[in-house]
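Derivation of every value follows stated rules applied to the coordinates shown; laboratory data play no part. Predicted, not measured: the structure shown is a model, and the values here were computed from it. Every residue, glycine among them, receives a Cβ derived from its backbone with ideal geometry; neighbour counts consider all protein chains shown.
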Amino acid sequence: MRAPSYSEALEFAIDRSYDINLDMLRSRNLHLDMHNDYLVGTYPPLKAMGDLNAEKLLLQVSSSIDLYFHMPFCDQYCTFCHFAKEINPSSGRVERYLAALDKEMSWSDAALGGRAVETAFFGGGTPSFLTNRQLETLFGMISRRFDLSKSEVSFELHPSLAKQVDAADRISTLLRAGVNRFVLGVQSLDPSILRILNRGHHVDEVVQLVKLLNEMGVQNLSLDLMYGLPQQTLRSWYDSLIGLLDMGIEKFNVFPLMFKSTDPVARHLASGRYQFAGAKERIIMHFMAEHILTKLGYRHGPIFYWSKQSQPHSIQQSRKYDSWNDNNLVPFGVAGFGYMSQCQFYNEADLDRYLYRVEAGEKPVWKGVVLSQDDLMRRTVMFALRSSGVLLSRFEREFGVSIEKCFGRELELLNAAGLICISNGLLSLTAAGTINSGAVSLLFFSNNILERVAYNDSRIRDKRTDLLEKHDYSPAARYGSSAEMQVAFR
Ligand SMILES: C[S@@+](CC[C@H](N)C(=O)[O-])C[C@H]1O[C@@H](n2cnc3c(N)ncnc32)[C@H](O)[C@@H]1O
Ligand code: SF4
């Protein structure tokens with residue numbers, strides 16, 4: 001099948017964009033402007049959390065678990081990225097971190113031993129920053145504890161791995177260790193955009209790394225792409241996607257650029273230094289990708305995920321969002337966030353504090369919250385909506401009450417605005433709902449959580465340096481006061 005031409009994709013996308021009535025959605029507070037829109041990655045968000053006794057977390061571990069390992073090191077600071085990382089640390093610093101990870105893991109040996117590991121994810125930062133020897137150390141200590149032989153094991157790569165003389169050795173080490181899914185951050189194939197983003201690599205390195213991975217037999221490769229980038233035109237967006245499709249890529253994570261005020265890209269937007277797509281253009285970019293990928297036989301999976309018909313979607317993403325409280329996400333490392341024993345929690349987000357606490361023999365849990373039954377229902381709905389949808393019968397079975405009874409008003413609002421639909425007992429987002437998923441999630445936040453967010457937010461003295469500010473991504477924290485939020489979202 002031939003990819004749609006630029007003019008065909010554009011015409012389709014412009015046509016579809018008329019279905020999204022931004023004025024109507026704004027008037028009902030169901031569209032967040034791009035400064036305030038952010039994926040709700042945890043519920044409750046960090047700013048609603050308080051102190052949490054780490055021992056609580058291991059009380060009721062589920063029989064199957066998901067693991068997350070954070071690797072907080074990078075070669076450069078990309079302008080859009082707020083993930084916890086240090087730039088170009090010494091090898092001594094990396095090895096000290098690995099020793100701390102080992103110690104942190106050892107504390108849950110008894111509680112986690114024997115659990116089936118469904119998925120393990122190595123994210124960052126840049127996990128591929130580790131040298132071959134450091135990778136061997138990392139996987140050596142993991143394999144002493146966990147059997148990853150039946151798990152989906154994902155590992156994030158940066159294209160600059162292609163510049164390393166031992167790139168093939170590192171990939172071999174990963175394959176031997178059981179890594180069976182690679183996620184490569186590409187973002188764009190436009191050289192001038194890569195430069196503005198300070199990505200630290202050229203297009204050639206993307207091509208070389210994809211080639212190397214193919215030659216080494218890697219079957220499961222997913223590429224991260226972003227739209228709404230500085231100086232990105234509709235044409236440049238089209239060309240990046242088509243360029244990667246021409247390379248035979250079968251899986252994509254297509255992210256809209258999300259802004260955090262502490263990142264350079266937010267300053268670039270505010271200062272007008274670069275051109276950014278507006279709300280309407282971002283919608284057109286979304287539909288261009290949808291049209292091209294659907295035409296070529298790709299399926300939409302959890303919110304940003306696309307994969308070729310023959311390929312399964314990421315199990316890790318599906319388990320994270322379709323969790324229904326029976327999957328536990330166990331994080332290791334700085335700034336990892338997890339979900340265990342009905343608690344949503346974060347590890348220390350500052351690397352020095354993480355190292356200090358672990359080396360002093362303390363579990364590095366920073367903040368957390370035990371979910372009430374009400375918040376658990378809210379979390380389940382907002383997460384499932386972003387993935388396979390909410391099966392109404394399952395909701396009633398799990399919680400003993402119908403979703404209409406709990407969230408009738410929210411469903412009515414979303415349905416009237418065309419953001420959700422129900423078909424064969426499955427509640428899911430429409431295309432308009434997918435584009436406005438941040439606002440949809442926010443509608444399900446409880447008053448209690450919104451008030452806690454507002455209270456903690458009001459206590460932050462310096463937003464430029466505060467760690468809560470830096471690491472809380474949720475859109476709820478973008479609003480100054482509880483009263484403001486009540487007006488905006490109720
Ligand atoms: C930890 S990073 C990627 C791994 C690797 N360090 C790299 O840069 O290639 C994970 C992905 O999140 C996405 N991402 C990061 N910041 C984002 C933002 N502000 N808005 C949208 N997507 C973002 C990017 O597509 C990125 O590849
Ligand atoms: S996008 Fe990747 S390489 Fe760039 S700073 Fe973030 S984690 Fe590091």
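Things to note:
- Cα centroid of region 383-438 to Cα centroid of region 327-364, whole Å: 32 Å
- Using R0 = 35 Å, the C-beta based FRET efficiency linking ASN447 and ALA270 works out to 0.65.
- If R0 equals 22 Å, the separation of the Cβ atoms of GLN164 and MET247 corresponds to a calculated FRET efficiency of about 0.60.
- Separation of region 121-144 from region 250-304 is 30 Å, based on Cα centroids.
- For the chain: rounded, prolate or oblate by the Cα gyration tensor [a/c cutoff 1.5]: rounded
- Loop trypsin sites (Lys or Arg not before Pro), region 1-108 (other Cβ atoms within 10 Å of the site Cβ: 11 or fewer; DSSP): ARG2
- Sites ARG2 and ALA116, calculated FRET efficiency, Cβ-Cβ separation with R0 45 Å, nearest 0.05: 0.55
- In the chain, helical runs assigned H by DSSP with n ≥ 4 each contribute -39500 (n - 2.57); averaged across all residues and rounded to the nearest 500, the mean residue ellipticity at 222 nm is -12000 deg cm²/dmol.
- Approximate spin-label separation GLN373-SER106, in nm, with each point projected 7 Å along Cα-to-Cβ: 4.2 nm
- For SER143, neighbours were defined as the other residues whose beta-carbon sits under 14 Å from its Cβ, and their charges (Lys and Arg +1, Asp and Glu -1) total 0.
- Cβ-isolated cysteines (cut-off 4.7 Å), the chain: CYS74, CYS343, CYS406, CYS421
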